[in-house]
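Since the structure comes first, as structure tokens, the remarks are kept for the end.
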Amino acid sequence: MPDSQPQPPSSSNPSGSSGQPDPAALLLCGARLTDGRTVDVRLGGGRIEAVGTAGSLTPGPGRKGAARVDLGGYLLLAAPAEPHAHSDTALSAEQPGPVSYAPEDVQRRATEAALLQLGHGATAVRAHVRVGDVQGLGSLGAVLQARRSLRGLAELTTVAMPRLLTGVAGADGLAMLRDALKMGASVVGGCPDLDPDPTGYVEAVLEVASEHGCPVDLHTDAADPARLSRLAAMAGGLRPGVTIGPCAGLARLNTEAASRLADQLAAAGVTVVCLPQGGCGGADRRGTAPVRLLRAAGVRVAAGSGALRDVSNPVGRGDPLEAAYLLASAHGLRPEDAYDAVSASARAVLGLPEVRVEAGFPAELLAVRGDRLSGVLSLAYSRIVVHRGRVVARTSAVREYCNSSAAAAELGLPRQGRTELS
């Protein structure tokens with residue numbers, strides 16, 4: 001984590017989003033925070049204007065009224081972000097035959113996938129999109145069109161992923177990569193493990209990223225210690241930064257080798273995005289990076305969802321809270337650290353400003369029914385999502401039991417449903 005303490009954004013667009021935020025006020029009433037306080041939160045202009053004790057806030061000067069959202073029974077959190085999505089192949093597992101890369105199909109799938117992830121709480125998504133080969137730049141153009149259609153609902157950014165960048169075949173990939181950045185891709189990426197010259201691939205990516213001043217996000221299993229060590233050495237000091245993932249191969253190395261590589265990644269400032277819900281490649285590369293070892297070495301670790309119901313993971317959910325749940329339940333992270341991996345650390349990967357439930361910070365929030373973070377990660381059913389200061393998604397779940405009235409009354413149990421099941 002950074003040594004310096006982040007300050008509330010002071011720019012004219014504090015939410016870090018494109019476009020103009022909604023200026024209307026919104027009062028979130030009776031929300032519980034992770035420190036146990038119950039508060040009202042006033043939003044306006046895409047940011048948090050004020051946080052006060054429950055019942056203490058008004059719409060604010062110059063406003064006759066404000067929309068109110070009752071968050072009694074909800075825990076209010078900084079919204080998660082999705083740092084590793086595959087929007088061009090999402091939701092394609094159940095389609096007969098080969099995946100269609102027709103632009104209209106890709107745009108439809110990318111839009112639907114982003115909305116599904118928004119419903120889970122992710123107000124920002126980084127989509128890894130293949131360029132070159134049979135797709136050319138068509139898939140990228142389709143995802144960029146989906147991005148435009150989602151404006152005001154969610155932020156969708158794209159990573160251009162060429163297959164080859166070295167040798168004779170790589171010349172076309174390199175030209176395609178530069179064209180992708182001109183089209184609107186904002187991150188340089190790819191999978192060096194698939195190139196005949198992985199080191200040359202990384203060198204080419206870093207050179208293009210340096211030319212354009214954009215971040216790097218590379219797919220690697222990280223199973224080859226020497227190759228990963230070279231990557232860390234080359235990536236050190238590059239700004240605005242290098243991210244790698246899912247790095248499941250690190251977990252298959254002995255502890256000494258993995259610890260040495262973790263120290264090198266930390267020294268180089270490389271971020272690791274793990275995929276606890278499943279990989280985004282073949283079954284032989286499944287697994288999760290050793291998150292506790294990496295964090296202990298000082299590596300920033302974020303968590304993504306990876307494949308969303310495509311051939312790599314036909315049951316992928318794209319739910320950041322499920323990723324956090326798995327980090328806590330299967331990998332031993334504290335609930336607070338697990339949620340950080342899908343929120344603060346994930347936002348940092350995307351270059352977005354930090355969010356806190358404090359005045360001056362971006363109004364990117366997620367309210368989940370529950371009173372503690374551990375309970376929220378266990379049973380995250382009902383959710384209210386706020387992006388740029390307005391509610392953009394709601395999910396409401398009610399559980400009812402047959403003939404439960406007598407037992408509930410006798411034991412004093414709360415009832416969610418108003419009707420009896422017959």
Test: residue 91 is open to solvent by 20 Å² or more (accessible area, probe 1.4 Å), touching a residue at least 24 places away in the same chain (Cβ under 8 Å) and not in a strand (DSSP E or B): yes
Lone unmet requirement of (1) within 21 Å of residue 319 (Cβ to Cβ); (2) part of a strand (DSSP E or B) for residue 50: (1)
Please determine, by comparing only the residues of segment 246-261 that are more than 20 Å from residue 83 (Cα to Cα) and of a type in the set (A, V, I, L, M, F, W, C), which one is surrounded by the fewest Cβ atoms within 10 Å (Cβ to Cβ). 257
Restricting to segment 314-327, and then to whatever is at pLDDT 95 or above and surrounded by fewer than 22 Cβ atoms within 10 Å (Cβ to Cβ), can you tell me which residue is farthest from the chain's Cα centre (by Cα)? 326
Pairs, please: C-beta under 6 Å, at least 6 apart or cross-chain, first residue over 18 Å from residue 214 (Cα atoms) and in segment 161-177, second open to solvent by less than 50 Å² (accessible area, probe 1.4 Å) and of a type in the set (D, E, K, R)? 164/195; 166/195
Mind counting the residues in segment 299-354 that are within 30 Å of residue 96 (Cβ to Cβ) and either free of Cβ contacts under 8 Å to residues at least 12 places away in the same chain or not in a helix (DSSP H, G or I) (or both)? 16
Quick check on segment 150-178: of everything there that is charged (D, E, K, R) and touching a strand residue (DSSP E or B) at 6+ places or on another chain (Cβ under 8 Å), which residue is nearest to residue 206 (Cα to Cα)? 163
In this structure, is residue 241 open to solvent by less than 10 Å² (accessible area, probe 1.4 Å), under 18 Å from the mean Cα position of the chain (by Cα) and of a type in the set (Gly, Ala, Ser)? no
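Table: residues versus (1) of a type in the set (Val, Ile, Thr); (2) out of contact with any Lys or Arg (no Cβ under 9 Å at 6 or more places or on another chain); (3) surrounded by fewer than 20 Cβ atoms within 10 Å (Cβ to Cβ).
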| residue | (1), (2), (3) |
| --- | --- |
| 68 | no, yes, yes |
| 79 | no, no, no |
| 85 | no, no, no |
| 97 | no, yes, yes |
| 119 | no, no, yes |
| 142 | no, no, no |
| 146 | no, no, no |
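The values are calculated or read from the model by the stated rules, or taken from the named source; none is laboratory data. Here the structure is a predicted model, which is why all the values come from computation and not from measurement. Cβ: placed from backbone, ideal geometry, glycine included. Neighbour counts: every protein chain shown. Keep in mind that these areas ignore ligands, DNA and RNA; they rest on the heavy atoms of the full protein, side chains included. Shrake-Rupley method; radii C 1.70, N 1.55, O 1.52, S 1.80 Å.
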